[in-house]
Structure formats: structure tokens, C-alpha cells
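Quick notes on the structure that follows.
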Amino acid sequence: MALTENPKLAMIPSGYGDYKVYSVLPSDGTGDFDFVRSSGATRVNKSGLIETVGFDVPRLNYPMIDGVVSGCPSLLLEPERTNLIQYSEDFIQGVWIKTRSFISSNSSISPDGTLNADKLIEDTSTNTHSTQNNVTIGNVGMTISVFVKADTRSRVRFQVSDLTTGDYRVDLNLNNLSIIENNGGSRGSWTNTSYKIESFTNNWHKVSLTATKGGGSEASLSISLLDNSGNSTYTGDGTSGIYIWGAQVEPGSYPTSYIPTNGGTVTRSAETCNGAGDANTFNDSEGVLFWDGYIPNDGNEKIIFLSTGTNNQNNIRFFARADGLSIRFQIIASNQTEVIEELPLSSDNYYKLAFKYKTNNSSGWANGFKLFTDLQCEMPIGLSEILFDNDLGGTPFYGNTKQIQYFDTALTDEDLEELTSWTSFNEMATSQLYTIQ
């Protein structure tokens with residue numbers, strides 16, 4: 001079944017240039033987004049490899065399931081983050097403290113497709129075998145991440161510590177990605193702990209640990225080898241180990257894309273993407289704003305705005321709240337709130353959201369279901385652009401956008417159900433990054 005109406009504006013990430021994300025509709029370029037990022041950044045390309053793109057180049061990031069590219073790319077927008085690790089790929093450097101272990105440089109093809117991944121190898125002592133990197137950081141939420149690949153050892157411990165009062169660690173079997181141990185909860189001065197495992201090409205995995213740091217000015221990232229029984233203390237054979245690459249320590253409550261370093265800390269700048277459409281694109285009386293993508297539940301407000309360019313006076317928006325509890329559907333007309341309805345925000349999930357606006361007949365939809373109908377709302381006047389912030393640069397949207405569509409007429413319930421539904425089980429599984437067995 002096809003929709004009864006065609007969109008007036010459609011951005012399905014496929015084309016881009018410096019400073020621009022192109023929309024497929026309208027064809028005259030009116031619907032293109034202006035893009036800015038004052039640094040380079042990395043993305044996952046269509047081959048599943050991590051690559052760096054230049055200043056002000058948008059990132060079309062491809063989704064991975066079980067180490068294989070699955071589906072179309074999304075527009076990746078992220079906040080400013082700094083990698084505090086000075087040598088993120090060169091583990092032979094002195095800032096990486098080796099304890100009863102040593103490094104073999106350039107021993108494997110890394111996730112960026114080149115021969116630059118190192119191997120962490122145990123010595124013959126009977127004790128622990130690890131490498132560690134210490135950074136200076138305040139009492140904040142922080143995330144560590146490392147790309148790892150099994151070799152003659154397949155069990156490994158990842159640990160973040162404040163060097164004095166506590167640590168948080170996860171022990172992992174790289175052969176089946178099962179957790180051997182997760183010390184979790186509050187560990188000394190560490191709270192709000194969580195971990196994440198993402199699979200990349202050629203059996204590489206990105207392991208991330210997030211925690212809120214308590215006391216002290218330093219923190220450490222350590223990678224420890226475990227024996228075949230998962231023990232951290234054992235007699236090494238002098239040859240066994242794992243491959244490691246792409247270490248990152250970043251202040252922040254969730255892991256972001258990889259930031260390579262080589263001799264100093266590196267900061268990836270925040271991204272802005274705004275300004276699609278004009279006054280002739282949008283209908284003040286009725287229409288539908290549709291968005292499809294991923295919203296990280298990271299404790300920060302974020303917004304997608306159909307606006308008049310006057311901030312809170314006239315707009316239609318999807319608004320993820322800072323408390324992490326809900327996504328808000330909101331219409332503001334003449335600086336007065338007309339509609340506020342909320343959808344519970346799950347932890348890090350994908351959504352298809354549609355907001356139909358029409359005088360005294362507005363409704364909100366998510367993933368194939370109608371959430372509400374409002375029969376009393378007035379309409380904003382002078383709608384002129386779609387933005388990923390609130391007109392003033394505040395509450396920027398950071399996440400992944402698979403598509404945005406705007407219809408200049410109010411769609412039927414049947415159309416809205418179809419627009420926000422998955423077309424097949426495989427599409428749903430791919431969108432939600434489920435493993436299909």
C-alpha cells in the first residue's frame with residue numbers, strides 16, 4: 001500500500017557536500033540542510049570500516065549488526081568530545097604502562113582497514129598481565145572505549161579506576177561476547193556504571209564502559225589479559241595475547257564515535273545542521289512532520305524543530321527531555337503552548353515519529369501506533385525551516401537521523417500508521433539493531 005500523498009520535503013541521507021546535507025525533495029535545493037563542524041571526525045563507511053572525514057563534511061554513518069553493514073546510512077550528529085588518551089593506536093608508547101606484558105606493533109589489520117593494530121602479549125610471570133594509561137580528569141561522568149580482537153587469548157578485563165578508592169570493570173569472553181564478570185553497581189567512588197559492546201568487521205569489537213567518577217584528579221584505563229578459565233592471575237607463556245586498537249577516554253555519559261590521537265589529546269567539535277525549507281515549503285494550516293532515527297538517552301535535552309525562526313513563539317517539535325523519561329510532542333502558537341503529549345523514552349532506542357498538525361485535529365504517532373489526538377489546538381503562523389536545535393543553538397539534537405519527511409497536508413490515520421510502521425520483520429530488526437538468528 002502506498003501513501004496517498006507525497007512529501008514536500010524529504011531528507012534521506014545519501015548526498016552531501018562541504019557544509020551541506022542534501023534533501024531529495026524539493027529538487028531545487030530549498031530543502032537542503034546547512035552543516036557545520038570545525039574539526040575532522042570519523043564515521044563507519046559502506047564497507048564497514050572506520051574512516052576520517054574533513055572539516056564541515058557531514059557523516060553518513062552505516063549501521064552494523066554482528067560486524068556486517070546492515071541497512072542504509074544515517075546522518076550522525078554528535079556533541080563536542082575530547083579523547084584524553086594521547087596515543088590511541090600506538091600502545092608501545094611510554095604513556096601505556098605495561099605490567100608483565102609487552103607490545104608487538106602493527107600486528108593485525110585494524111577496524112580502519114590498515115595494518116596498524118597492536119598485540120598485547122603476556123610475559124612468563126605468574127601474576128597479572130596488563131597495560132594501563134592514566135589521564136587527568138575531574139569528578140565527572142566519563143566513558144572509556146577500546147577496540148579488541150581475540151587471538152591466542154580470548155578473555156580480557158576492561159577496567160576504569162581512580163587509582164585510589166575504587167574501580168569499575170567488565171570481564172569479557174571475546175569468542176562469544178559473554179560477560180564473565182561485571183562488578184557493576186557502586187564500586188568505591190564509581191557510580192552510574194554501564195557497559196556496551198559493538199561488533200565491527202573482521203571480528204573486532206568496541207567495548208565501552210561508562211561511570212561517574214568520585215574523588216581524585218586522575219583516572220586510568222587498563223586492559224588485562226585473562227587465562228582460558230577467566231583468571232586474572234596466571235602463569236603466562238610469553239607469546240599469547242589479544243589485538244588492541246583505538247583507545248578512548250572521554251568525559252561524557254555515553255560513548256561517541258572514535259577520535260584518533262597521536263601524541264596529544266584531540267577534540268572533535270560539535271555539529272550543527274539546520275535551515276531546511278522556506279516559507280513556501282510549509283503549510284501553516286496543516287501538515288505532518290515525520291522523523292526516523294536513533295535518540296540516545298544521555299541526560300541531555302535535544303530537539304527537532306519545525307520553526308518560524310523566532311525560538312519559542314511559533315513552532316512544532318519533537319523534544320527529548322533531559323530527565324530521560326519521555327519524548328515530548330509540542331505545538332506552540334503565538335508563544336502559548338497548545339499541545340504537550342509525551343511518549344516514554346526507552347534507553348537508547350530507534351523511533352519512527354510523526355506529528356500531524358491541523359486546527360482542532362492534531363495527533364502524534366510512534367512506531368505504528370497513535371499516541372494521542374488533540375481537538376482544541378491552534379496553529380503556529382509563519383513556519384519556515386526545519387532545525388536540529390531551538391533557533392538559538394540551544395538543546396541541539398544529537399543522534400542518528402535515518403530520514404526526515406514533511407507533508408504539507410494532514411495525512412489520514414491509515415497513512416500515518418503506514419508511515420511510522422516497519423515494512424517487515426527484517427526492517428524492524430535491522431532498525432533496532434537486533435541480531436537475527
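When all protein chains stay in place and ligands, DNA and RNA are ignored, the 1.4 Å accessible-area order of Ile85, Ile180, largest first, is Ile180, Ile85. Per-residue 3J(HN,Hα) values for segment 17-34, derived from phi via the Karplus relation 6.51 cos²θ - 1.76 cosθ + 1.60 with θ = phi - 60°, read x, 4, 6, 9, 10, 7, 9, 6, 9, x, 6, 8, x, 4, x, 5, 9, 7 Hz in sequence order (x marks Gly and Pro).
Per residue of the chain, the DSSP helices (runs of n ≥ 4 H) give a summed -39500 (n - 2.57) that works out to -1000 deg cm²/dmol at 222 nm. For the chain, the solvent-accessible area works out to 39 Å² per residue, with a probe of 1.4 Å and every protein chain left in place.
In the Gaussian network model of the chain, springs joining C-alpha atoms below 10 Å, which of Gly48, Gly287, Gly264 carries the largest mean-square fluctuation? Among Gly48, Gly287, Gly264, the largest GNM mean-square fluctuation belongs to Gly264.
For the residue pairs Lys46/Lys196; Lys20/Lys206; Lys352/Lys402; Lys20/Lys46; Lys213/Lys302, the C-alpha atoms sit more than 18 angstrom apart in Lys46/Lys196; Lys20/Lys206; Lys20/Lys46; Lys213/Lys302. In segment 279-414, one over the average inverse separation of all distinct C-alpha pairs is 14.6 Å, which is the Kirkwood hydrodynamic radius. The distance separating the Cα centre of segment 1-51 from that of segment 191-226 comes to 32 Å. Straight Cα distances below 24 angstrom link Lys358 to the lysines Lys8, Lys370, with same-chain residues fewer than 8 positions distant left out. Converting phi to 3J(HN,Hα) with the Karplus coefficients 6.51, -1.76 and 1.60 and the offset θ = phi - 60°, segment 80-90 yields 5, 9, 10, 8, 7, 6, 6, 10, 7, 10, 9 Hz in sequence order, with x at every glycine or proline. Amide H contacts of Met64 (H built 1.01 Å from N, in plane; Pro and chain starts excluded): Ser70 sit under 5 Å, all sequence-distant by 5 or more or on other chains.
In this structure, the amide hydrogen of Glu342, modeled 1.01 Å from its nitrogen in the peptide plane, lies closer than 5 angstrom to those of Phe329, counting only residues at least 5 positions away or on a different chain. Sorted on the mean count of surrounding Cβ atoms within 10 Å across their residues, most packed first, peptides 208-215, 372-379, 277-284 read 208-215, 277-284, 372-379.
Comparing Cα centroids, segment 101-123 and segment 387-422 end up 43 angstrom apart.
When you count the other C-beta atoms within 10 angstrom of each residue and take the mean per peptide, 24-31, 268-275 line up highest first as 268-275, 24-31.
Each residue of segment 36-46 was assigned a 3J(HN,Hα) from its phi angle through the Karplus curve 6.51 cos²θ - 1.76 cosθ + 1.60 (θ = phi - 60°); the sequence is 9, 8, 8, 7, x, 6, 9, 9, 9, 8, 5 Hz, with glycine and proline shown as x. Near the amide H of Ser107, within less than 5 Å, lie the amide hydrogens of Ala117, Asp118, Lys119, all on another chain or at least 5 residues away, with H placed in the peptide plane. Packing here is the average count of other Cβ atoms within 10 Å per residue, and on that basis the peptides 405-413, 14-22, highest first, run 405-413, 14-22. In this Cβ point-charge picture (+1 for Lys and Arg, -1 for Asp and Glu), segment 142-296 has a dipole of about 600 debye about its Cα centre. Only Cα pairs under 8 Å and 6+ residues apart enter the sum, and on that basis the relative contact order of segment 40-159 stands at 16 percent.
The values are calculated or read from the model by the stated rules, or taken from the named source; none is laboratory data. Note that this is a predicted model, so its numbers are computed, not measured. Don't worry about glycine lacking a Cβ; one is built from the backbone with ideal geometry, like all the others, and counts go over all protein chains shown. When the accessible area is computed, the model is the full protein with side chains, heavy atoms only, and any ligands, DNA or RNA have been set aside. Shrake-Rupley method; radii C 1.70, N 1.55, O 1.52, S 1.80 Å.
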